[in-house]
Structure formats: C-alpha cells, structure tokens
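The values are calculated or read from the model by the stated rules, or taken from the named source; none is laboratory data. Quantities reported herein were computed from a predicted structural model and do not represent experimental measurements. No Cβ is skipped: glycine too gets one built from the backbone with ideal geometry, and neighbour counts run over all protein chains shown.
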Amino acid sequence: MIPDKLLPTTVVGSYPQPDWLVDRDVLTRGTVPRVLQRGFWRVPDASLTESLDDAATVAIRDMERAGIDVVTDGEVRRQSYSSTFATALAGVDPERPGIVPGRRAGTTVEVPRVVGPIARTGPVLLDEARYLRRATDRAVKVTVPGPFTLSQQCVDDYYRDPRALALAFADAVNAEVRDLFAAGVDVVQLDEPWLQARAGAAREFAVEAIDRALDGAEGVTALHLCFGYAAKVPGAKPNAYDFLEELDASSVHQVSIEAAQPGLDLRSLQLLPSKTIILGALDLGDPVVETPETVAGRIRAALRHLPPERLVLAPDCGMKYLPRPVAFAKLQALAQGAAIVRRELEIWEDAAP
C-alpha cells in the first residue's frame, strides 16, 4: 500500500548489482545493452535463479535499511532496463539483432529487430514482481520499458510505421502492466527516456501510446524521463526538457524527472499541474554523497512550485552504475533529507492559526 505521509521516498528502479553476480567490465563498457549480452553473469546457469533471488533480497534490504518507502528489487535480474522485456516479445528476432549507429562516431549498437507482429506471449516480469511482493511489507514498484522508448531503440523491418510500431508495443506493455497490478504491485513505472531524446516524434504519438499501455491499469502509474544515465551521458545536461508539458494530458499519475544533476529549472514543475512529481533529488553524476541538508534544500526549492501532497522524492535516475556503498549512502541522505522537510512542514502546520 502506498505510504500515507508527506514526501514519500522511492527509487527510479535500478540499484547496483553485486560484483559476484555481474562482470562489471561487461556492464560498464559501451552503451546500455538493448539486447541480451553474453558473458554478463558471473555465475553458472545452474545457479543463476538462486543468485538472482539473493541479489534481489540484498537490494530490497538495502532500500529498507536506508529508509525508502516505495522499494524495488533493484532490477538486479535484468541486464538493462529494457532488454529483458523487449527481447521476450514475439515479433522480435532473438538470433539476429538490428545494428544502428552508436553515439560515438564509428561505433554501432545492437538493438532488437522487429520482424513480425509484436505480441506478448506470456508474462515477462511477473515472477520477479511476485518475489518482490513476498520479500517486503513496504509498498513496491516494478518498472517496464515504455512503448515509445521501445519503438525508438529497435530496427523495424515489419511495421515500417513508427506510430503503428509504438502502439503494438503499447499493447504488449499493457498486458504486462495489468498482470503486475493483479500480483499486488503498488506502483508500475514506464521508463521513457527517449521522450526527451526524440521529442519531435514523441509529440506525434507518444501520449497516445502511453495511454494505451496504461489502459485499465488498477493502481498507481508512474513515468520516468531523463537525459540518460550519468555514467553513460557524462557532462553538462540541459536544465529544461524538450518534452514535458505534453505529459499533463496523459493518464499517468506520477512523472519522474531528473532534476539534481542538470540543475533543472524548477519552474518546469508548473507544466504538470495535474500530476504528482517524482523529483530527482540525488545527483548520480557526483560520487560525493549528498548531506541530508543538501537534499532538504532541493526539496524546499521544489516546494516553491508545487504543494507537498504532489511531491515524491527519488534519485535522478537508476543507480546501477554506482558503487553500492555510494548508492546506499545516497539513499540514506534522501530519506533523511525528506524527514527534515517533513518535520518542518509539520511544525508549520502545528503553528498555523
């Protein structure tokens, strides 16, 4: 159940995977994997299921100890936020990925290749969601790649129509979302970083696809957009989004925004008057752990633009590329910073005539 208190804390999704589970060199080299990578796991196949359960338990307990209110399993069972779901769908060639240019000149990236009608033939993330639900008495969140992002990071050899492709992905995502809520998940989050990267195409059909993916959802829905992992997109980031206010017309309940690292112009929060904002209050591009007071200052700045009832606190993005001690300490600072401002609000309310 969603915690009934002001300024609840959550994570965007991922948490560092243990070094005994993954090969860090494979994890960190190149781009974020779009298809499944060989040599990613350090443990043999016969031990992989048990090892993934153990790693999920570690992530869940870390979030609980840090004081996070709405937890995930850290996405520790996944090679990336999108590859597990994208490559499990019918219509995607499991043997021959597509090849697209990489961010750096002269590089290429393997991506899912669509060769037939996209369809979900069965649950993809349901087992991990059920494990998460059993493992904690706190509210839980599961993330699913959003339909627009899925449509933008593949090679389409079948539909040859960007809108039709996104809507086909939306139907597959919708079936997954419904199953996740039926399993007791409190929040389902769509990851849609490509809304910012390709804002022009997003304006044409992204909201339509998002609403289709969330049709009939019986729980709290969230959507994350960002400028990319700090470890993969280093350096200065824009302080405003090219695609943001359009989401106010969508059916999603919460919008997760990267704000700390880019120094987001917080007037942007006023562009989403009907949404709860999940504010990125931890800079994941800075290895220095924030003090609780630094986090509290970021929260106070956001509260100049929206009421506390519409604010949730989180890291800017997924934390998988951070060292685990740093990630844990940052989550502690997040929870403690939220507690500082929560007490201030309670004092103010008690003092009001």
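Tabulated data for the structure shown
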{"quantity": "Count - residues of region 288-313 that are in contact with a helix residue (DSSP H, G or I) (Cβ under 6 Å, 6 or more places away or on another chain) and more than 27 Å from Val220 (Cα to Cα)", "calculated": "3"}
{"quantity": "Cβ-Cβ under 6 Å pairs, at least 6 apart or on other chains, region 289-308 side of a type in the set (D, E, K, R), far side buried (at least 17 other Cβ atoms within 10 Å of the Cβ)", "calculated": "Glu290/Ala333; Arg298/Ala281"}
{"quantity": "Top-ranked residue in region 246-286 [being assigned to a loop (DSSP other than H, G, I, E, B) and among the small types (Gly, Ala, Ser); ranked as surrounded by the most Cβ atoms within 10 Å (Cβ to Cβ)]", "calculated": "Ala281"}
{"quantity": "Total residues in region 226-239, condition within 19 Å of the chain's Cα centre (by Cα) and either closer than 19 Å to Leu272 by Cα or among the hydrophobic types (A, V, I, L, M, F, W, C) (or both)", "calculated": "5"}
{"quantity": "Enumeration of residues in region 1-43 that are outside any loop (DSSP other than H, G, I, E, B) and within 19 Å of Pro234 (Cα to Cα)", "calculated": "Arg24, Asp25, Val26, Leu27, Thr28"}
{"quantity": "Check on Leu214, in contact with a strand residue (DSSP E or B) (Cβ under 7 Å, 6 or more places away or on another chain) and free of Cβ contacts under 8 Å to residues at least 40 places away in the same chain", "calculated": "no"}
{"quantity": "Every residue from region 306-321 that is acidic (Asp, Glu) and assigned to a loop (DSSP other than H, G, I, E, B)", "calculated": "Asp316"}
{"quantity": "Checking Arg42 against (1) surrounded by fewer than 19 Cβ atoms within 10 Å (Cβ to Cβ); (2) more than 24 Å from Phe328 (Cα to Cα), the condition it does not meet", "calculated": "(2)"}
{"quantity": "Residue in region 91-106 that is surrounded by 13 or more Cβ atoms within 10 Å (Cβ to Cβ), closer than 25 Å to Ala182 by Cβ, out of contact with any His (no Cβ under 9 Å at 6 or more places or on another chain) and at pLDDT 95 or above present", "calculated": "yes"}
{"quantity": "Some residue of region 129-140 being modelled with pLDDT under 95 and either surrounded by fewer than 15 Cβ atoms within 10 Å (Cβ to Cβ) or assigned to a strand (DSSP E or B) (or both)", "calculated": "no"}
{"quantity": "Single match in Thr87, Thr10, Thr28 (criterion: over 24 Å from Val155 (Cβ atoms), at pLDDT 95 or above and either of a type in the set (Ser, Thr, Tyr) or exposed (fewer than 14 other Cβ atoms within 10 Å of the Cβ) (or both))", "calculated": "Thr10"}
{"quantity": "Tabulated pairs, region 312-336, first aromatic (Phe, Trp, Tyr), second in a helix (DSSP H, G or I), C-beta under 7 angstrom, 6+ apart or interchain", "calculated": "Tyr321/Thr28; Phe328/Asp62; Phe328/Ala66"}
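Residue-wise test of (1) assigned to a strand (DSSP E or B); (2) touching a helix residue (DSSP H, G or I) at 6+ places or on another chain (Cβ under 9 Å); (3) hydrophobic (A, V, I, L, M, F, W, C); (4) closer than 25 Å to Ile277 by Cα.
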{"residue": "Val144", "(1), (2), (3), (4)": "yes, yes, yes, yes"}
{"residue": "Leu150", "(1), (2), (3), (4)": "no, yes, yes, yes"}
{"residue": "Arg160", "(1), (2), (3), (4)": "no, no, no, no"}
{"residue": "Leu165", "(1), (2), (3), (4)": "no, yes, yes, no"}
{"residue": "Ala172", "(1), (2), (3), (4)": "no, yes, yes, no"}
{"residue": "Gly184", "(1), (2), (3), (4)": "no, yes, no, yes"}
{"residue": "Gly200", "(1), (2), (3), (4)": "no, no, no, yes"}
